[in-house]
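Report on the following structure.
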Amino acid sequence: QETARRRDTYYAASQKKFVPFAKPMVFKKGSMQYLWDEAGNRYTDLLGMNVCISVGHAHPKVVGAAMAQAQDLTHCTTMFYHPVPAHFAEELAAVMPNPKGDIEWVVHFTNSGAEAVDLALTMARDYTGNADILALRTAYHGPTAAAQSVTGIAGWRHAGMPGNVAFVAEPNQYRGIFGENAGAAPYLDEIGRTIATATTGRIAGMIVESVQGYGGIIEMPKGYLTGAAERTRAAGGLFIVDEVQAGFGRTGDHMWGFEADGVIPDIVVMAKGIGNGFPLGAVVAQKHVAAPMAEKFMFHTYGANPTSCAAGRAVLQVLREDRVQDNARTVGAALLARLQDLKQRHPKIGDVRGRGLMLAFEMVKDRKTKEPDPETTAKVFEACRESRLILSKSGPYQSCLRMVPPMCLTMEDVETVAEGLDRAFTLAARG
Ligand code: PMP
């Protein structure tokens with residue numbers, strides 16, 4: 001209560017909407033996929049503390065690496081050379097796709113995802129000399145002014161954002177403008193139409209999440225990313241993929257969500273899971289794309305911070321050694337199957353979707369009309385507390401329940417989660 005009083009008194013109102021709970025929750029301890037509240041109750045963290053916890057809360061290898069580095073030299077500004085970020089850049093470049101071995105990937109570390117998005121947009125504009133950027137309507141790309149400018153979801157848009165952004169209809173296969181399972185083709189035509197009607201015709205680039213996170217776990221249909229990259233490049237632009245939520249093996253089949261479509265982006269934006277909770281972001285670009293920026297200053301004070309980069313290196317090591325991506329695939333598939341069972345029993349679940357450990361329910365008032373049901377979503381969300389599950393509401397109507405847990409979730413957890421969700425849906429249906 002003291003924590004709640006202090007926070008409610010001294011936090012600015014600008015952070016209020018992001019606290020959706022009826023009663024405050026205080027967590028002071030976490031281990032792998034679990035969190036403990038002040039009373040000692042254990043919760044399964046299906047939110048992964050907002051997709052940041054990729055390999056597990058307080059993962060001993062990640063914490064150990066960061067602590068050891070912090071004791072040696074906590075911070076070293078990028079003006080000086082340091083082996084840890086240099087090593088980490090090499091390792092990140094090595095986990096980027098390179099089918100013919102002819103791509104030179106280069107890294108610019110930032111402090112957060114939004115800064116990385118910002119930088120990616122600047123890079124694309126500097127490289128092409130064009131201003132216009134395409135983004136998807138239900139995208140979320142972060143809180144800085146430039147990242148907000150490409151964020152399409154109305155609830156996240158504030159007054160007076162920078163311009164030169166044209167929004168394209170998202171290829172949502174459940175409730176998109178072309179109807180259910182319309183595939184990629186009509187949405188690719190939309191990109192062409194948008195370039196022709198809402199830009200100068202020559203664009204700096206297009207930015208997309210390979211799987212939209214805050215949009216409500218919206219997967220891009222087969223061929224969409226490849227086709228979008230083609231259309232972007234034909235209009236003079238660079239193809240930018242935001243892997244802040246979908247990256248680092250979360251989708252199960254690949255390290256990066258975009259790999260499912262075989263597309264090679266010009267610029268990849270990453271954050272969150274890269275540091276397993278340590279503040280870190282990065283732009284990984286093809287070498288020639290970043291080259292023009294050598295003419296101007298660009299510097300992030302904590303970018304390439306060795307403590308965060310030591311954590312990042314440990315994350316890559318754990319991903320590799322513990323076969324975390326394989327776990328995301330198999331446990332994710334089992335969880336998805338249980339979510340589909342729940343859909344059979346609970347009529348307000350309109351859709352269940354996602355892949356790997358990036359899954360969601362979409363709640364509707366009626367399956368035929370698909371009218372979004374944020375009220376029931378909120379009730380289920382609250383009832384999940386009773387089931388000791390933490391997840392998050394998302395989607396443009398706040399009618400989706402998003403699950404993006406630490407990727408160490410087990411088959412045993414799947415059973416606990418499915419039972420807990422079942423109870424929450426039943427409770428919510430009773431009002
Ligand atoms: N891109 C996506 C897809 C995100 O989900 C987020 C954060 N939720 C960001 C960018 C911004 O990252 P950050 O909050 O670290 O600035």
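Give the residue that is surrounded by the most Cβ atoms within 10 Å (Cβ to Cβ), with candidates limited to residues of the range 326-379 that are in a helix (DSSP H, G or I) and among the acidic types (D, E). Of everything passing the filter in the range 326-379, E375 is surrounded by the most Cβ atoms within 10 Å (Cβ to Cβ).
Within the range 187-200, restricting attention to residues that are among the small types (G, A, S) and out of contact with any helix residue (DSSP H, G or I) (no Cβ under 9 Å at 6 or more places or on another chain), the residue that is nearest to the ligand (Cβ to nearest atom) is A198. Looking at the range 1-107, the helices (runs of 4 or more DSSP H) lying wholly inside it that each contain 1 or more residues that are within 29 Å of M255 (Cβ to Cβ) sit at 48-51, 60-72, 83-94.
Within the range 283-297, not a single residue is in contact with a helix residue (DSSP H, G or I) (Cβ under 9 Å, 6 or more places away or on another chain), over 25 Å from V165 (Cα atoms) and within 16 Å of the ligand (Cβ to nearest atom). The single condition among (1) in contact (Cβ under 8 Å) with a residue 40 or more places away in the chain; (2) within 16 Å of the ligand (Cβ to nearest atom) that T151 does not meet is (1).
Can you tell me which residue among A94, A39 is hydrophobic (A, V, I, L, M, F, W, C) and outside the structural domain of I274 (by TED's automatic domain parsing)?
The conditions single out A39.
Only residues that are more than 16 Å from N276 (Cα to Cα) and touching a helix residue (DSSP H, G or I) at 6+ places or on another chain (Cβ under 9 Å) were counted in the range 95-113, giving 8.
Only one entry of G303, G277, G236 meets the criterion of being touching a strand residue (DSSP E or B) at 6+ places or on another chain (Cβ under 6 Å) and assigned to a loop (DSSP other than H, G, I, E, B), and that entry is G303. Tallying residues that are surrounded by 21 or more Cβ atoms within 10 Å (Cβ to Cβ) and within 18 Å of the chain's Cα centre (by Cα) within the range 117-145 yields 12.
No other residue among I218, I203, I240, I274 is away from the ligand (no atom under 13 Å from the Cβ), in the same structural domain as A185 (by TED's automatic domain parsing), buried (at least 19 other Cβ atoms within 10 Å of the Cβ) and aliphatic (A, V, I, L, M) apart from I203. All conditions but one from (1) touching a residue at least 60 places away in the same chain (Cβ under 8 Å); (2) away from the ligand (no atom under 14 Å from the Cβ) apply to F248; the one that does not is (2). Scanning the range 51-103 for residues that are loosely packed, with under 14 Cβ neighbours inside 10 Å and of a type in the set (S, T, N, Q) returns Q71, T74, T77, N98. Output yes when any residue across the range 247-256 is closer than 13 Å to E219 by Cα, touching a helix residue (DSSP H, G or I) at 6+ places or on another chain (Cβ under 7 Å), modelled with pLDDT of 95 or more and not in a loop (DSSP other than H, G, I, E, B), and no when none is. So far as the range 247-256 goes, no, none of its residues is closer than 13 Å to E219 by Cα, touching a helix residue (DSSP H, G or I) at 6+ places or on another chain (Cβ under 7 Å), modelled with pLDDT of 95 or more and not in a loop (DSSP other than H, G, I, E, B). Select from the range 92-144 the residues that are more than 16 Å from the ligand (Cβ to nearest atom), in contact (Cβ under 8 Å) with a residue 60 or more places away in the chain and of a type in the set (D, E, K, R) and list them in ascending order. E104, R125, D126, D132 - these are the residues of the range 92-144 that are more than 16 Å from the ligand (Cβ to nearest atom), in contact (Cβ under 8 Å) with a residue 60 or more places away in the chain and of a type in the set (D, E, K, R).
The values are calculated or read from the model by the stated rules, or taken from the named source; none is laboratory data. Please read these numbers as outputs of a predicted model, since none were measured by experiment. We place every Cβ from the backbone using ideal geometry, glycine too, and count neighbours over all the protein chains shown.
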